[in-house]
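The values are calculated or read from the model by the stated rules, or taken from the named source; none is laboratory data. The structure presented is a predicted model; accordingly, all values stated were derived computationally and were not measured. Cβ coordinates were reconstructed from backbone atoms using ideal geometry, including for glycine residues, and neighbour counts include every protein chain displayed.
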Amino acid sequence: MAPTDATAPTAGTEWWRSSVIYQIYPRSFADASGDGIGDLPGITARLEELADLAIDAVWLSPFYRSPQKDAGYDVSDFRDVDPIFGSLADFDAMIERAHSLGIRVIVDIVPNHSSDQHPWFQAALAAAPGSPERERYVFRDGTGENGELPPNNWESVFGGPMWTRVTEPDGTPGQWYLHIFDTAQPDLNWELEEVRAEFDDVLRFWLDRGVDGFRVDVAHGLIKAPGLPDFVQSQEEASMGGGAATQSPYWAQDGVHEIWRRWRRVTDEYPGDRILAAEAWVYPLEFMARWVRPDEMHQTFNFGYMEAPWDGEALRQVIDDSLETFGAVGAPSTWVLSNHDMIRHATRLSLGEDAPQGHGVGPETPGLPDIEEGIRRARAATLLMLALPGGAYLYQGEELGLPEAIDIPGDARQDPTWHRTEGERYGRDGCRVPLPWEADRAAYGFSSTGETWLPQPGLYGVLARDRQRGTVGSTLEMYRDALRLRRERGLGAGAIAWRDAPAGVLSLDNGGVRVIANIDGAPVKVHGEVLVASSPFDGDLLPPDTTVWVRAAE
Ligand code: GLC
């Protein structure tokens, strides 16, 4: 592939332009209470092991009060910690410990919907149609002769209709309410100033407690097209929870940007570069870049990169497009390969392009992943990612090379997707399995009692952190080396210059590091001192599925 000039670094030196942010999924990180569900004291106790990875920040998925119908993305009190995760005092202790270790803390915020157990929704159910209480959500009369049919044909992201009918306080069948996700997650009405003011206050509540920013859940939702017109989304887009530019009446409406500008004004009131990071599943990239215009959010997850196939040409294209498109609005690109919604990349990369959102063993299984190949590719993909300028996101457990847990029995599965589709879609449990810390302890050190809210595969014992720490060639040591070098050499704030390379091979320079990633090419000769390699490498011919960093000629 042909060389190009160095891509100009994005303006500004704020920390988030080049950060490495590690996603903690609290349910599955570490369980101090022994009930089988991870918690905040568990996180506090293990933070030092993250500091060892040279990350800049952690992002915590929701730990708020919640009936846990969607693993905490159904919030019943936006200003409190759910007792299964601990208390506000535990939160304060966690953030203090993180800050003392030099780790910033970003929390999830879920504005598109609340839990159906939120006092606002309970008040809406108790009130009459047309009341101010109902106005806070999206209630509509049904269609059909007696309102027995939903107001329109929208399908929920988790399967089934996007509407649920309520029983009115007098016992008669009543109005319908909208929920893009589960029935237990009614959408809030963001046209209402009261809803906007409430969330300003929630932001301030956590900012005052010292959080360094927010990962904004479903940042492409919130506003719906006037009149709620019928719309059928493709299965593929529906399962990804996102949509193409300008098509969908419930994704990526223009009106949403006004809200992010308002939120930006709130975070800007605080010192210390507090950030907003969008989860916005929108296409194409030019459209996604609107979320990070200078007066909106700071970062947005670059899902285009995550979804790129394992193909040299495609990866180079998405890297170039990302740097250019985000650069054009003055924002850093981000890079991410795994999270709590996607098949872990150690499995996904061996499944090919048709990998679904979740995976399991059953009639729908598109083929069993090749574990060796998956881990090899995952390590190569990560080593390429960590050399790129911009913000990188890591998902807990990827530093251990954890594959997706695919053999979770149906009755142990918890994701509403599995239940709402009656097992047709496996859902996301396989990437949410509790982490292995010590191979020889109960639940591999996740909980003192051996309890785990999802079963852990036996392979997680082999991949436990204590087995990998200090072991030459382990995935964990590769992450440690790469993250340390990335920090020392300022790669996140650097600029890349592509070098000539044969088909299927990517080669670039950044900050005195030369990266050679043999994605799917023929073995290629590598010169120079190897700094870190994604797989054992004899220093001569680099095989496919392998990335190395070598010292670049100064
Ligand atoms: C986001 C979250 C996902 C959740 C959904 C509804 O996509 O990442 O886990 O189910 O929003 O809140």
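A few comments on the model shown:
- Residues of segment 378-425 satisfying the condition of being β-branched (Val, Ile, Thr) and buried (at least 24 other Cβ atoms within 10 Å of the Cβ): Thr382, Ile408, Thr417
- The residues of segment 41-57 that are surrounded by 18 or more Cβ atoms within 10 Å (Cβ to Cβ) and not aliphatic (A, V, I, L, M), listed by number, are Pro41, Gly42, Thr44, Arg46, Asp56.
- Cβ-Cβ under 9 Å pairs, at least 6 apart or on other chains, segment 24-45 side at positive phi, far side surrounded by fewer than 24 Cβ atoms within 10 Å (Cβ to Cβ) and at pLDDT below 95: Gly34/Ser448
- Condition check for Asn189: closer than 30 Å to Asp273 by Cα, more than 16 Å from the ligand (Cβ to nearest atom), of a type in the set (S, T, N, Q) and at pLDDT 95 or above: yes
- Residues located in segment 266-308, provided they are of a type in the set (Asp, Glu) and within 15 Å of the ligand (Cβ to nearest atom): Glu279, Glu307
- Of the residues making up segment 438-451, those that are of a type outside the set (D, E, K, R) and more than 22 Å from the chain's Cα centre (by Cα) are Ala439, Ala442, Ala443, Tyr444, Gly445, Ser447, Ser448, Thr449, Gly450.
- Checking Glu155 against (1) at pLDDT below 95; (2) of a type in the set (D, E, K, R); (3) away from the ligand (no atom under 16 Å from the Cβ), the condition it does not meet: (3)
- Per the listing Gly367, Gly362, Gly358, Gly352, the residue uniquely within 16 Å of the ligand (Cβ to nearest atom) and at pLDDT below 90 is Gly358.
- Restricting Pro173, Pro150, Pro169, Pro129 to residues that are touching a Phe, Trp or Tyr at 6+ places or on another chain (Cβ under 6 Å) and farther than 30 Å from Ile43 by Cα narrows the list to Pro150.
- One residue stands out among those in segment 255-271 that are assigned to a loop (DSSP other than H, G, I, E, B) and touching a helix residue (DSSP H, G or I) at 6+ places or on another chain (Cβ under 9 Å): the one that is farthest from Gln23 (Cα to Cα), which is Glu269.
- Flag if Leu203 is under 23 Å from Met162 (Cα atoms) and modelled with pLDDT of 95 or more: no
- Residue under evaluation Leu178, criteria (1) crowded, with 18+ Cβ neighbours inside 10 Å; (2) under 20 Å from Asp230 (Cα atoms); (3) away from the ligand (no atom under 15 Å from the Cβ), criterion not met: (3)
- Segment 79-98, residues that are farther than 15 Å from Trp206 by Cα and surrounded by fewer than 22 Cβ atoms within 10 Å (Cβ to Cβ): Pro83, Ile84, Arg97
- Look at segment 304-330: where a residue is assigned to a helix (DSSP H, G or I) and a partner is charged (D, E, K, R), sitting 6+ places away or on another chain with Cβ atoms under 7 Å, you get Gly312/Asp520; Thr325/Glu286.
- Filter pass, Arg432 being within 29 Å of Gly102 (Cβ to Cβ), within 16 Å of the ligand (Cβ to nearest atom) and buried (at least 19 other Cβ atoms within 10 Å of the Cβ): yes
- Taken as a whole, segment 150-169 holds at least one residue that is among the polar types (S, T, N, Q) and surrounded by fewer than 17 Cβ atoms within 10 Å (Cβ to Cβ).
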